[in-house]
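J.: Sharing a structure, written as structure tokens. Questions coming.
Values in this text are rule-based calculations from the coordinates and carry no lab data. No experiment lies behind these values; they were computed from the predicted model shown. Cβ sites come from the backbone with ideal geometry, for glycine too, and all protein chains shown count toward neighbours.
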Amino acid sequence: MFQRILVANRGEIALRVFRACREMGIETVAVCSAADRGADYLKAANESICIGPAAANQSYLVIKNIIAAAEIGNVQAIHPGYGFLSENEHFAEVCRECKIEFIGPSADAMSKLGDKVTAKEIAKQAQVNLVPGSNGLITSEAEALVIAERIGYPVLIKATAGGGGKGMRVARNDISLKAGLKAAAMEAEKAFNNAGVYLEKYIENPRHVEVQIIADTHGEVVHLWERDCSSQRRHQKLIEESPAPNLPLSVREDICKAAVRLIQAAKYTNAGTVEFIVDKNNQFYFIEVNARIQVEHPVTEMVTGIDLIQQQIRVASGEPLPWKQRAIPCQGAAIEVRINAEDPDNDFRPSPGKITKLRVPGGHGVRWDSHIHEGYVVGPYYDSMIGKLIVHKPTRPEAIACMKRCLDEFVVEGIKTTIPLLKRILNHTAFVEGKMDTTFIEQNLLVKSS
């Protein structure tokens, strides 16, 4: 087991890893930008090293600075958290070349699954359902038109190196396909330095269901059940829950088994998430693999009782998984809401500033994962998420009631947050009945700008 780990991240997820390590008797080294220097959450680490200015591309995204901090801190491993360098295969490779273990998958598995076209080939080999579409990258406008005619409109243009909705366009006819191809390629080139795009059939009003997996270095792969992440805005998740509501047991079992087959085919190790879309007939299709821990991992921890961060560390140190598939429970229902420093009634405009008052809800089955506190200054440099509120109850109706109570108790002053929108979602009949899809919030619950 490692004695000392560097956490190559900040905020909520960094604090989450510090806490997991402390419980395991492992020392931690934090890295921070100039903007985060002196932040309270850094006190949870044994040592803190500043790695650059506030801008992420001059600090948290600079591999050489993080490696230098790891060498100064005399660590044996690096946990990347989520975001930043967590899915950067070059970073994983550099870590291991420097004799520092990367707590995540191999660079090879990350590279293969990070490219959506290659990932689809692996899924096909593993007999996992794929959305009908192109066999590879689109090489010409004429090719795209032929494929669109074969699979039928609407079609979805997707960047092969994409994420977060970037490099993605829906086309409903030849004209919008031609325009969308150019726009998606330009956006993908700018965001990912890779203009490659492919086509697939656009599934109308889908659900977004993902499966949490973990695989050790001894050939064992298990799933930790599924999460429903259909409550989204512009492909960004707002609410996640487990188990997925109204998903037939047979479909639930099939989707989890499909995720395991794909991970086995990719020779993947450590924690990861296999994402699917589910149509109105409960037919599911593979989308992509997130080769890291997810923001929403707490809902899985709540229903299974398994600490995913600690398991990541144990797997990376060479330990075998301590249980077989049949021993992994899924008890009760868990819901997570992401609380962002944004104004949902003003096109989600970021709301940086000082938190002048903070009152966090509590009670049985309530968990708050965050690094903020009263007096904390939310800066303009990083992601707007300031915390995650999670509840766990024996049934979904009880979990919804608990979350609604918690959001009513929650007080954050000095900045705008997404709490008012979350309340609207939790109170909507479609959410209560488990009938959300990925388009519902934007079509029904957002204030329309004039």
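J.: Which residue, Glu89, Glu398, Glu23, tops the fluctuation ranking in a GNM of the chain built on C-alpha contacts under 10 Å?
T.: In the Gaussian network model the winner is Glu23.
J.: Next question. Sum -39500 (n - 2.57) across every DSSP H segment of at least 4 residues in the chain, then divide by the residue count to get the 222 nm mean residue ellipticity, nearest 500.
T.: Taken over the chain, the calculation gives -9500 deg cm²/dmol.
J.: Here is a follow-up. If I model a spin label as a point 7 Å beyond the Cα along the Cα-Cβ vector, how far apart are those points for Val411 and Glu189 in nm?
T.: About 5.3 nm, to one decimal.
J.: Moving on. Going down the list Lys112/Lys280; Lys99/Lys124; Lys116/Lys166, which pairs span over 25 Å between their C-alpha atoms?
T.: In this structure, Lys112/Lys280; Lys99/Lys124 exceed 25 Å between Cα atoms.
J.: A further question on this structure: Select from Ala171, Ala399, Ala334 the residue whose mean-square fluctuation is largest in a Gaussian network model of the chain (Cα-Cα springs shorter than 10 Å).
T.: Comparing Ala171, Ala399, Ala334 in a Gaussian network model of the chain, the most mobile one is Ala171.
J.: Okay, moving on. Nearest 20 debye, what's the magnitude of the dipole of the chain about its Cα centre given +1 on Lys and Arg Cβ and -1 on Asp and Glu Cβ?
T.: Result for the chain is approximately 460 debye, rounded to the nearest 20.
J.: Using DSSP to call loops (not H, G, I, E or B), can you name the GluC sites (Glu not before Pro) in the range 304-386 whose Cβ has at most 15 other Cβ atoms within 10 angstrom?
T.: Glu374
J.: Further question: Rank Pro80, Ala70, Ala30 by how far each Cα sits towards the positive end of the charge dipole of the range 4-101 (+1 on Lys, Arg Cβ; -1 on Asp, Glu Cβ) and give me just the farthest.
T.: Result: Ala30.
J.: Okay, moving on. 7 Å from Cα along Cα→Cβ at both Asp174 and Asn346: what's the point-to-point distance in nm?
T.: So the label points at Asp174 and Asn346 sit 4.6 nm apart.
J.: Follow-up question, since we're still on this one. Could you calculate the FRET efficiency of Ala54 with Glu97 from 1/(1 + (r/R0)^6), where r is the beta carbon distance between them and R0 is 25 Å, rounded to 0.05?
T.: It comes out at approximately 0.30.
J.: Which length gain, in nm to one decimal place, applies between Asn427 and Ala142 when the Cα-Cα distance is subtracted from 0.36 nm times their residue separation?
T.: Answer, rounded to one decimal: 97.9 nm.
J.: Run through the range 160-237 and list the GluC sites (Glu not before Pro) located in a DSSP loop whose Cβ has at most 15 other Cβ atoms within 10 Å.
T.: Taking the range 160-237 and a limit of 15 other Cβ atoms within 10 Å, the loop GluC sites (Glu not before Pro) found are Glu204.
J.: A further question follows. When only DSSP loop residues count, what trypsin sites (Lys or Arg not before Pro) in the range 84-180 have their Cβ near at most 10 other Cβ atoms within 10 Å?
T.: Sparse-neighbourhood loop trypsin sites (Lys or Arg not before Pro): Lys99.
J.: In the neighborhood of Gly81, defined by Cβ-to-Cβ distances under 14 Å, what is the net charge if each Lys or Arg adds +1 and each Asp or Glu adds -1?
T.: Here the charged neighbours net out to -1.
J.: A further question on this structure: Where is the GNM fluctuation largest for the chain (alpha-carbon springs, 10 angstrom cutoff): His218, His297, His392?
T.: His218
J.: Compare the peptides 140-148, 238-246 by average per-residue count of other Cβ atoms within 10 angstrom and give them in order, highest first.
T.: The densest-packed peptide leads the list: 238-246, 140-148.
J.: For Gln264 and Asp279, compute 0.36 nm times the residue count separating them, minus their Cα-Cα distance, and round to one decimal in nm.
T.: 2.9 nm
J.: Using R₀ = 35 Å, calculate the FRET efficiency as 1/(1 + (r/R₀)^6) where r is the Cβ-Cβ separation of Asp307 and Val377; round to 0.05.
T.: Efficiency, from the Cβ-Cβ distance: 0.70.
J.: When the Kirkwood hydrodynamic radius is evaluated over all pairs of different C-alpha atoms of the range 4-101, what value in angstrom, to one decimal, is obtained?
T.: Its Kirkwood hydrodynamic radius stands at 13.0 Å.
J.: To the nearest 20 debye, what charge dipole does the range 307-367 have about its Cα centre, counting +1 at the Cβ of each Lys and Arg and -1 at the Cβ of each Asp and Glu?
T.: That gives a dipole near 280 debye.
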